[in-house]
Amino acid sequence: MKSETTRHAVVAALAVLGLGLSQVPAQAQSWTVDGVGKASDMSKVHQLSDSHMVIMNHSEYTEIADADPSNPLHGATGPCFGATEVKPPQVTGAGRCVFTASGGDMISIEWTATGMSEQGAITGDWQLVGGTGAFDGASGGGQFSSLSDNDAGEETNTIGGEITLP
């Protein structure tokens, strides 16, 4: 009888511990973003003068390739759109990207153009503002440098930063 009571007490204690552990929130996980996005560029440039243009941005990303294949952004695809005004030395603009991750979850990213590189790439900042599934409650951001080849209709976007999934 004593051993049966002890056994029931141990089983009850393990059950309580198991219930307590199941309610411990999962730890957030972060990734460094070090990637390159390839896109079809369908942007339209409105040339106002030799040194002033407004760009109606529209790119369709065929893949984001991150240096770390476990990064949830690796393999994401989808459109980016917005507007950018270039009037050297000033560059201003903003827009959104709506990517679909390889697992099907949606990602909303906001971008802000703040400059231009010597090679003509639009540079700026990006911020992950939400999404579905794994990206619900996600956060992060960083910098980008987006170089378009208007003749070829292609865009290469170098992306750096960090993301955190809950």
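Step by step: first the residues of segment 90-106, then only those that are within 26 Å of residue 70 (Cβ to Cβ) and β-branched (Val, Ile, Thr), then the one that is surrounded by the fewest Cβ atoms within 10 Å (Cβ to Cβ). Which residue is that? Checking each candidate, the answer is 98. Inspect segment 47-54 for any residue being under 23 Å from residue 166 (Cβ atoms) and either in contact with a Ser or Thr (Cβ under 7 Å, 6 or more places away or on another chain) or among the polar types (S, T, N, Q) (or both) and give the result as yes or no. No, segment 47-54 has no match at all. Of the residues contained in segment 101-108, one or more are found to be assigned to a loop (DSSP other than H, G, I, E, B), at pLDDT below 95 and touching a helix residue (DSSP H, G or I) at 6+ places or on another chain (Cβ under 9 Å). Between 115, 78, 37, 93, the distinction of being assigned to a strand (DSSP E or B), under 25 Å from residue 153 (Cβ atoms) and touching a residue at least 40 places away in the same chain (Cβ under 8 Å) belongs to 37 only.
Given the criteria over 22 Å from the mean Cα position of the chain (by Cα) and either at pLDDT 95 or above or of a type in the set (Phe, Trp, Tyr) (or both), does residue 86 qualify? In short, yes.
Per-residue answers, yes or no, for (1) more than 12 Å from the chain's Cα centre (by Cα); (2) modelled with pLDDT of 95 or more; (3) under 17 Å from residue 60 (Cβ atoms); (4) part of a strand (DSSP E or B):
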site: 82; (1), (2), (3), (4): yes, yes, yes, yes
site: 99; (1), (2), (3), (4): no, yes, yes, yes
site: 125; (1), (2), (3), (4): no, yes, no, yes
site: 142; (1), (2), (3), (4): no, yes, no, yes
site: 156; (1), (2), (3), (4): yes, yes, yes, yes
site: 160; (1), (2), (3), (4): no, yes, no, yes
site: 163; (1), (2), (3), (4): no, yes, no, yes
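Scanning segment 56-66 for residues that are over 18 Å from residue 158 (Cα atoms) and surrounded by fewer than 16 Cβ atoms within 10 Å (Cβ to Cβ) turns up at least one hit.
The values are calculated or read from the model by the stated rules, or taken from the named source; none is laboratory data. Keep in mind that this is a model prediction, so the values were computed, not measured. We place every Cβ from the backbone using ideal geometry, glycine too, and count neighbours over all the protein chains shown.
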